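For reference, the structure is listed below as C-alpha cells.
Just so it is clear, none of the values below were taken in a lab; they were calculated from the coordinates. Just so we're clear, the structure is a prediction, and the values are computed from it rather than from any experiment. Because the Cβ atoms are built from the backbone with ideal geometry, glycine has one as well, and the counts that use them run over all protein chains shown.
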Amino acid sequence: MVGVTSNRLLVDGVHRDWLRRKYVQALVRYSGVACVILPTIDANDIEADRDLPIMRKLDGLVLTGDESNIDPAILGSTAPCTLTSQQEVEVGVRDRPRDRLSAAAIERAIALRMPILGICRGLQELNVYLGGTLHPSLSEWKPESGEMHAEKGNLPRDRQYDVTHSVTICSNGVLFPIAGALEAQVNSLHNQGIAKLATALKAEAWASDGLVEAASIINAPTLQIGVQWHPEWHVSTDPLSKHIFRAFGEACAAYRRRNERQDVL
C-alpha cells in the first residue's frame, strides 16, 4: 500500500483535492500496490498535519506530477503562510497546499527509509526539498529547451504524452538496471527543470540539452528515484514505463516484508 500525493483544485471558491487516475491505474496494474490518496495541507494545519502518521502504515510514496510550479520557500519551510487560501492556489502557477504535503511526505519517507517514486513535479520536489534549485522557466534558460520540453497544447491530450526526445542513462546508477539500456525515449511536458542538483541526489539520466531527467537519493536503503517524464501515461505499451513501475512495486514489497520481519522480532 502506497501513499500518492494529491493536488489542490480551487473552483468557484471551493477547495478540492484531486488526482489523475492514470497514476492509480499504473500503480495498481503494474506495481501491484493499493493506493492511499494523501490530502494537501493548508497553512493553518501544518503543525497538526505535517507528521503524517499514515506514513507508518504505508510501503512507499509516489510524488505525482502537476501543472503548478513549486514554491521553494514553502516546500522547505514550516513557517505559517500569510497568503489567503485563494492566493495559495492558482491553476498552472502555484499549489502551496501541495508543496506542504510533499515536504511532509518526503521528510517522513526518508526517515522511514521507504521507497519513493517521483514523477515530473515529483522529481523537482525531491530536488528542492534536498537543497537543489530549479530553472523558473526553461524557455528563459534556453529557448530550444523550452520548446523541447513544453507541453504540446495543439495535440490531443493522449498524444501530448507521446515520446518527444531521448535521454542518456547513467551506466552506474540505479536506473540503468531497471531500463536495461543506456538510452531511452521519453515524453516531456514541463516548463521548469533542475538547475542545481541537490548534493544528496545522483543524476540518473540527462536530455541532450544537459537537463537532468532522472535522479536518485545517494546511498538510499531502497529505490528512491524521480523521473522528469510521465511513465504512467502509456505504461501499457512502453517497456521502460513498465519496468519503472514494476521495480517500484518490488521495492515496496521488499520494504513490507522487511518491516513484517522486524515486527515479529
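Things worth noting here:
- Value of D in µm² per second that Stokes-Einstein yields for region 110-192, Kirkwood Rh from Cα pairs, at 25 °C (0.890 mPa s): 166 µm²/s
- Over all Cα atoms in region 1-135, the spread is summed up by Rg and Dmax: 13.9, 42 Å.
- Normalised size of region 167-223, defined as Cα radius of gyration per 2.2 N^0.38 Å with N residues, equals 1.11.
- If you count Lys pairs in the chain whose Cα atoms are under 24 Å apart, skipping same-chain pairs closer than 8 places in sequence, the total is 8.
- Taking N as the residue count of the chain, its C-alpha radius of gyration divided by 2.2 N^0.38 Å amounts to 0.95.
- Under the span-like rule (Cα at least 30 Å along the axis, Kyte-Doolittle mean at least -1.0), DSSP H helices of the chain: 239-264
- Convex hull projection area averaged over all views, region 220-265, Cα basis, nm²: 3.8 nm²
- Table column - 3J(HN,Hα) (Hz), region 11-24, Karplus curve with 6.51, -1.76, 1.60, x for Gly and Pro: 10, 6, x, 9, 8, 9, 9, 9, 7, 6, 5, 3, 5, 5
- Translational diffusion coefficient of region 113-265 (Stokes-Einstein, Kirkwood radius from Cα pairs, 20 °C, 1.002 mPa s): 134 µm²/s.
- From phi via Karplus (6.51, -1.76, 1.60), per-residue ³J(HN,Hα) for region 169-183 in Hz, x at Gly/Pro: 9, 5, 6, 10, x, 8, 6, 4, x, 6, 6, x, 7, 8, 9
- Taking θ as phi - 60° and the Karplus parameters 6.51, -1.76 and 1.60, the scalar couplings of region 43-56 work out to 4, 6, 9, 4, 5, 7, 9, 5, 6, 6, x, 4, 4, 5 Hz in sequence order, x denoting glycine and proline.
- Long-range tail of P(r) for region 119-166 (Cα pairs > 17 Å, %): 50 percent
- Magnitude of the charge dipole, the chain, Cβ model with Lys/Arg +1 and Asp/Glu -1, debye to 20: 840 debye
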